[in-house]
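Read the structure below first, then the notes.
Any read-out appearing in this document is the output of simple, stated calculations on the displayed coordinates, not a laboratory observation. Note that the structure is a prediction, hence the values are computed from the model and not measured. Counting neighbours? That spans all protein chains shown, and the Cβs are built from the backbone with ideal geometry, glycine included.
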């Protein structure tokens, strides 16, 4: 895992150095399984501010592929507005909870368990007659540099010119702020360098902003970047 493009929250990793983070994939999966097993929504959750913003940018029904869908609140929100939704998460507990919640609410959203580096994921997602939105909120900073590259590879492989990639993530400026969920793995991202990598994968910036106030949760007012990228002609 490279570390030249980001800062790691080593306190959240038990004081481990960047070179020790490479073996954390299974530990992170166990952590998230435990987290989502203990945080299963029992009613319709509110969507994130970012999901509401992105939904307002879509002029027609899309196939929405949410990477790192977590408890499913944004996936279920998009499904409620007529989008064809597939939520992806590596946590079995998260996917199980999403499926149960979608069934209870009658939300037409599908959920699949997969790691972002699974080479068969793109094929399993399959084609869609609708335009595609690849959506990742608070997922980018929860994965490694190498996994970020796989995310962009996947986004490029399942989109066509005109399709969209939407991301919101904690930036390097957020590394010193207070965290309500202090035990989460975090990799603080440099927006300019993510944009450069997105461009190399065929995505141009349609909208980009960063700052406080976009993702406030209790006392945690994260300094985030949010971006909407459009797939351009090769």
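Just a few scattered comments:
- For segment 30-56 versus segment 125-145, the gap between their alpha-carbon centres in whole angstrom: 16
- Note on 195, 26: ascending count of other Cβ atoms within 10 Å places them as 26, 195, the fewest first.
- Only helices enter this figure: runs of n ≥ 4 DSSP H residues, each worth -39500 (n - 2.57), summed and divided by the residues of the chain, yield -9500 deg cm²/dmol at 222 nm to the nearest 500.
- In the chain, the DSSP beta bridges split such that about 50 percent are antiparallel, to the nearest 5.
- The order of 158, 76, going from fewest to most other C-beta atoms within 10 Å of their C-beta, is 158, 76.
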